1. Leaving out ligands and nucleic acids, and using a 1.4 Å probe, what accessible area per residue does region 333-440 come to in Å²?
2. With a Förster radius of 45 Å, plug the Cβ-Cβ distance of Thr380 and Asp204 into 1/(1 + (r/R0)^6) and report the FRET value to the nearest 0.05.
3. What longest range of the chain stays clear of loop-exposed GluC sites (Glu not before Pro) (DSSP non-H/G/I/E/B, at most 13 other C-beta within 10 angstrom)?
4. Karplus couplings for region 117-122 from phi (6.51 cos²θ - 1.76 cosθ + 1.60, θ = phi - 60°), rounded to Hz, Gly and Pro as x?
5. At what distance in angstrom do the alpha carbon centres of region 295-369 and region 51-88 lie from each other?
6. Using helices alone, I'd like the mean residue ellipticity at 222 nm for the chain: each DSSP H run of four-plus residues gives -39500 (n - 2.57), total over residue count, nearest 500.
7. Relative contact order for the chain: what percent, with Cα pairs under 8 Å and sequence separation of 6 or more?
8. Once you have the Cα-Cα distance between Phe117 and Ala73, take 0.36 nm times their residue separation minus that, and quote the gain in nm to one decimal.
Amino acid sequence: MLSLLCLINETAERVDIMSEIKDNVMAIVGANWGDEGKGKITDIKAQMADVVVRFQGGSNAGHTILNEYGKFALHQLPSGIFGRGVVNVIGNGCALNLEYLEKEMGTVTYIVPDMQFNLMIDQRVSLVLPHHIMLDALEEERRGDRQFGSTKAGIAPFYSEKYIKESIQFSEIFDGERLKERLKHLYDKVNLTLEHLYKAPAVDYMDVYDYLMKYKPFAEQYMGDSFAFLHKAWKEGKKILLEGQLGALRDPSFGIYPYVTSSHTVAGFASVGAGLPPYAINCIMAVTKAYSSCVGAGPFVTEWFDEQAEELRKRGGDAGEYGATTGRPRRVGPFDAVATRYGAMCQGATELAMTGIDVLAYMSEIPVCVAYEVDGKHLTDFPTGAQLDRAKPVYEMLPGFKEDIRHIRNFDDLPENAKNYVRFIEKQVGLPITLLSNGPKRDEIVNL
Ligand code: GDP
């Protein structure tokens, strides 16, 4: 098999990140378990984009953005929402919760009172309904000590229902009697599950109808045919950013199954979840952190524990490594080159963005996991199942740089050991790092 390592060499081509988006359609996606800092990267790139699209996921994860207006955790809103003149699209592949979206927009308006939401919600996106959230919580409770660590935003029941062809599409809330009929049929079955499997009270479908009617006036101002809109924008050569949620290792096909999310987090799905031809996507930026972090359950080979973890957690992110949606402490550890190389391959990444290099400033030596030891053998390809459960990290130690680098804006001004760290990761992953972030704020970027 041709190794990705063949694709770059010591002098991997570097680009100025503040220059134009090189290609018209760019996907920004996670190489790891999520929380890689995609929100910040998309917010930066959105300054130069015409359209930003969310193509999968719902209110179960958050993208943190720190900009001139303040700090925001965006859950359903695309990260281009603060870009002037940028059209923001919630694509058909997302899980749309109208109630939560209205609240999220209210939170933004509270901080930015004259906020103009340049938002289009695709008419074909399916709706998250209150029973999805109930079922999510009931199922986690049923699983007892085998819980997935769900954010209880209803995402797994939502996507299950979508793929058994029973969910309600956004445009259907304008269908009056037809909607009532669809809801009646849906709740005949949902109630069997609620009452018999979970011993929970049934839901009256007319209450759900009234609930949807409550959000109709808010929702209708944003509904559009984003499929037609995006095709037109693409044909006109507009710059389009496709924004992924979570990361490759949470993809239901490629990730650490069953500790995955229920929609595809890989850039290949952007074509479906946004509605563009696969060949329209000509640049895929996989975002990774300079260390590892992970929210939720599942194998996490480089996980640190106790004081070692607490130290890194405290120094990570913008105010420690705590979930943007749940506030849960994130699991943390050193950079995992085995997982990141695999994650970048799943994404079909053409380049990498690395965030959080500033966080490593306290370490005298920086460990990087370069292989997994499984039953006495060293693996460099990401394993599955029991092999992954048994994997132990094999570390290479790199010298630390031991100084605050958040003020540095040019790669050449970084301490030599920080530069070496970046080059080492590029070689390990087999892709050039074209964007290096050294702090949570928008302008904390190192020009490469
Ligand atoms: P996303 O879901 O991929 O957008 O990631 P999150 O927003 O959930 O988590 C990323 C965290 O890292 C947030 O707290 C960001 O503010 C923070 N962050 C992003 N880039 C950097 C960086 O370069 N340095 C530091 N210290 N924090 C960063």
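1. Working: 4120 Å² over 108 residues.
Roughly 38 Å² per residue, with all protein chains present.
2. Details: r = 56 Å, r/R0 = 1.24.
Here the calculated transfer efficiency is 0.20.
3. On the way: sites that count: Glu10, Glu13, Glu20, Glu68, Glu236, Glu403.
Excluding the exposed sites themselves, the longest stretch runs over 69-235.
4. 8, 8, 10, 10, 9, 5
5. Computed from Cα coordinates, the inter-centre distance equals 22 Å.
6. The helix-only estimate for the chain comes to -9000 deg cm²/dmol at 222 nm.
7. Working: 975 pairs, mean separation 98.3, N = 448.
About 22 percent, as a whole number.
8. Values: separation 44, 0.36 × 44 = 15.84 nm, distance 1.59 nm.
The span from Phe117 to Ala73 would gain 14.3 nm if fully extended.
The values are calculated or read from the model by the stated rules, or taken from the named source; none is laboratory data. The structure presented is a predicted model; accordingly, all values stated were derived computationally and were not measured. Quick reminder, even Gly has a Cβ in these numbers, built from the backbone with ideal geometry, and neighbours come from all protein chains shown. Accessible surface areas use protein heavy atoms only, side chains included; no ligands, DNA or RNA. Shrake-Rupley method; radii C 1.70, N 1.55, O 1.52, S 1.80 Å.
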